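Beneath this line is the structure, given in structure tokens, with notes to follow.
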Amino acid sequence: MALTPSTMLALGTNAPDFDLPDVVSGQTISLRTFARKKALLVMFICKHCPYVQHIKKELTRLGKDYAMKDIGIVAISSNDVAGYPDDAPDKLKEMAKELSFAFPLCYDESQNVAKAYSAACTPDFFLFNRERKLVYRGQLDESRPGNGKPVTGKDLRASIEAVLADKPVNPDQKPSVGCNIKWKRGNAI
């Protein structure tokens, strides 16, 4: 497992727009999909990564816990499927159904969305406020495969709760770590 940290995009950065297909419904998902929501969580994940596998049940819980709250959630996979066929849209669809994701899982074939967000690893989390300004980018929690710490979602959940309560998000944020985004040849950032 190659350990890659998130790039820690500058807080206050505007959410880059995107138009991507949801691998389950086929519907196009964009920032406009979540226009009425107070917060937006954009997660870069994939199927094959052991770091995502380690937290996948927490991603399901997160989606269900916040399904009726004033937050939009979207997951995006940007990996090169030529080298990583387990991350192809049909495999992502299987994963989303198996885990009963309560949020869309989109496929970023061009990898332009991952580049626009400066996504570096899977998982990589970006939380935006109502104005779609970045207020949190960092780890889900301190759990990693093999470190014995429980998967709780503590860091990300605390940030979501702050945004939903109109409170400031703690600026002391630790990078997420995981597998690097699998860039197409000549496409890496």
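The values are calculated or read from the model by the stated rules, or taken from the named source; none is laboratory data. Just so we're clear, the structure is a prediction, and the values are computed from it rather than from any experiment. For neighbour counting, all protein chains shown are included, and Cβ atoms are generated from backbone atoms with ideal geometry for every residue, glycine included.
A few comments on the model shown:
The rows are residues; the columns are (1) modelled with pLDDT under 95; (2) out of contact with any strand residue (DSSP E or B) (no Cβ under 8 Å at 6 or more places or on another chain).
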{"position": "Thr4", "(1), (2)": "yes, no"}
{"position": "Ala10", "(1), (2)": "no, no"}
{"position": "Asn14", "(1), (2)": "no, no"}
{"position": "Asp22", "(1), (2)": "no, no"}
{"position": "Gln27", "(1), (2)": "no, no"}
{"position": "Ala35", "(1), (2)": "no, yes"}
{"position": "Leu41", "(1), (2)": "no, no"}
{"position": "Ile45", "(1), (2)": "no, no"}
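- Qualifying residue in region 14-21 (condition: without any contact (Cβ under 8 Å) to a residue 12 or more places away in the chain and among the charged types (D, E, K, R)): yes
- Cβ-Cβ under 8 Å pairs, at least 6 apart or on other chains, region 167-189 side free of Cβ contacts under 8 Å to residues at least 60 places away in the same chain and over 18 Å from Val113 (Cα atoms), far side among the hydroxyl-bearing types (Ser, Thr, Tyr) and buried (at least 16 other Cβ atoms within 10 Å of the Cβ): Val169/Tyr136; Val169/Ser159; Asn170/Ser159
- Residue count, region 18-50 (criterion: within 16 Å of Leu164 (Cα to Cα) and out of contact with any helix residue (DSSP H, G or I) (no Cβ under 8 Å at 6 or more places or on another chain)): 4
- Residues being touching a Leu at 6+ places or on another chain (Cβ under 8 Å), closer than 20 Å to Glu58 by Cβ and charged (D, E, K, R) - total across region 123-144: 2
- Taking residues in region 29-42 that are within 15 Å of Ala158 (Cα to Cα), and partners anywhere that are surrounded by fewer than 18 Cβ atoms within 10 Å (Cβ to Cβ) and among the aliphatic types (A, V, I, L, M), the pairs with Cβ atoms closer than 7 Å and at least 6 places apart or on different chains are Ala39/Leu164.
- Residue check for Val52: touching a residue at least 24 places away in the same chain (Cβ under 8 Å) and assigned to a helix (DSSP H, G or I): yes
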